[in-house]
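K.L.:
Encoded as structure tokens, here's the structure I'll be asking about.
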Amino acid sequence: MVRDAQRRLTLDWLERILLLAGVLCLGIWLWSWLDTRMFEAQQNEILEQTLARPPVASATPASATSASETDALSSFKRTEKKLESPPPEDGELLGRIQIPRLGVTAVVLEGVGKRTLRRAAGHIPATALPSEDEGNIGIAAHRDSFFRGLKDIRKDDTIELTTLDGTRRYRVEWTKIVEPDDTSVLAPTGEPALTLVTCYPFYYVGSAPKRFIVRAHRLDDEDEYEPAGS
């Protein structure tokens, strides 16, 4: 009888401990979810407020410059911007990525640290910046959060990348599965490109062994680009 009572007491305590652990895990998940949603809403609001500001008017009338002069001036301004602008700090807001057909949307921060990827998609350092007009932009996010929808992505899907300069659109060219140490997909490209990276398989339990890659090229038509403040 004494042994049975001790066994019941032990089971009762074990049940309470497991229940407490379950409640604690649920609380941690709920806090993380709320923190991510609130942070995302805050960053989107900052981005929208910045985009809503009217563009600074040029001091030189457009009619006073030729097409070649305009191109040269634009090229000079891009070069000047690169020289003057310091590299973004880790966790700094760079923009927002959206894939309309899949309902994928995430703010993009600089870096791929744990805290950054828990709250947003991250710009991969050493790749072209989202605001740049050339190069290969690398963006990563978790397969079980912001980039879960990539499992259904298709060739020719449209990807929208909004920065503080405006919105540019990209069209998916191909997808590929690579090893984690294969960084060739992030190499510079001869034309403006966007490379998305997430872990694979999507429903793998634990640390996924592969990487799922999406490569898209930028659409250059004038009606595909929406400058900030337009």
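The values are calculated or read from the model by the stated rules, or taken from the named source; none is laboratory data. Owing to the predicted nature of the structure, the values given are computational and were not obtained by experimental measurement. Cβ: placed from backbone, ideal geometry, glycine included. Neighbour counts: every protein chain shown.
K.L.:
List every residue pair whose Cβ atoms sit under 8 Å apart, with the two residues 6 or more apart in sequence or on different chains, where the first one lies in the stretch 178-189 and is in contact (Cβ under 8 Å) with a residue 12 or more places away in the chain and the second, anywhere, is surrounded by 13 or more Cβ atoms within 10 Å (Cβ to Cβ) and assigned to a loop (DSSP other than H, G, I, E, B).
P.N.:
Cβ pairs passing all conditions: 186/124; 186/127; 188/128; 188/135; 189/135.
K.L.:
Run down 119, 148 and say which single residue is buried (at least 21 other Cβ atoms within 10 Å of the Cβ) and out of contact with any strand residue (DSSP E or B) (no Cβ under 7 Å at 6 or more places or on another chain).
P.N.:
Answer to the selection: 119.
K.L.:
Identify the single condition in (1) polar (S, T, N, Q); (2) out of contact with any helix residue (DSSP H, G or I) (no Cβ under 6 Å at 6 or more places or on another chain); (3) under 16 Å from residue 218 (Cα atoms); (4) surrounded by 17 or more Cβ atoms within 10 Å (Cβ to Cβ) that residue 127 does not satisfy, given that it satisfies every other one.
P.N.:
Tallying (1) polar (S, T, N, Q); (2) out of contact with any helix residue (DSSP H, G or I) (no Cβ under 6 Å at 6 or more places or on another chain); (3) under 16 Å from residue 218 (Cα atoms); (4) surrounded by 17 or more Cβ atoms within 10 Å (Cβ to Cβ), residue 127 fails exactly one: (2).
K.L.:
Then there is this: Among the residues of the stretch 81-98, is any at pLDDT below 85 and hydrophobic (A, V, I, L, M, F, W, C)?
P.N.:
yes
K.L.:
Quick one: which residue in 115, 96 is more than 11 Å from the chain's Cα centre (by Cα) and either closer than 27 Å to residue 51 by Cα or part of a loop (DSSP other than H, G, I, E, B) (or both)?
P.N.:
Testing whether each residue is more than 11 Å from the chain's Cα centre (by Cα) and either closer than 27 Å to residue 51 by Cα or part of a loop (DSSP other than H, G, I, E, B) (or both) leaves just 115.
K.L.:
For the stretch 33-51, how many residues are over 18 Å from the mean Cα position of the chain (by Cα) and at pLDDT below 75?
P.N.:
Of the residues in that region, 1 qualify.
K.L.:
Another question, then. What about residue 172, is it part of a strand (DSSP E or B) and not basic (Lys, Arg)?
P.N.:
Spelling it out, residue 172 is indeed part of a strand (DSSP E or B) and not basic (Lys, Arg).
K.L.:
May I ask you to verify whether residue 158 is buried (at least 16 other Cβ atoms within 10 Å of the Cβ) and either over 20 Å from residue 210 (Cβ atoms) or of a type in the set (A, V, I, L, M, F, W, C) (or both)?
P.N.:
For residue 158, the condition - buried (at least 16 other Cβ atoms within 10 Å of the Cβ) and either over 20 Å from residue 210 (Cβ atoms) or of a type in the set (A, V, I, L, M, F, W, C) (or both) - is not met.
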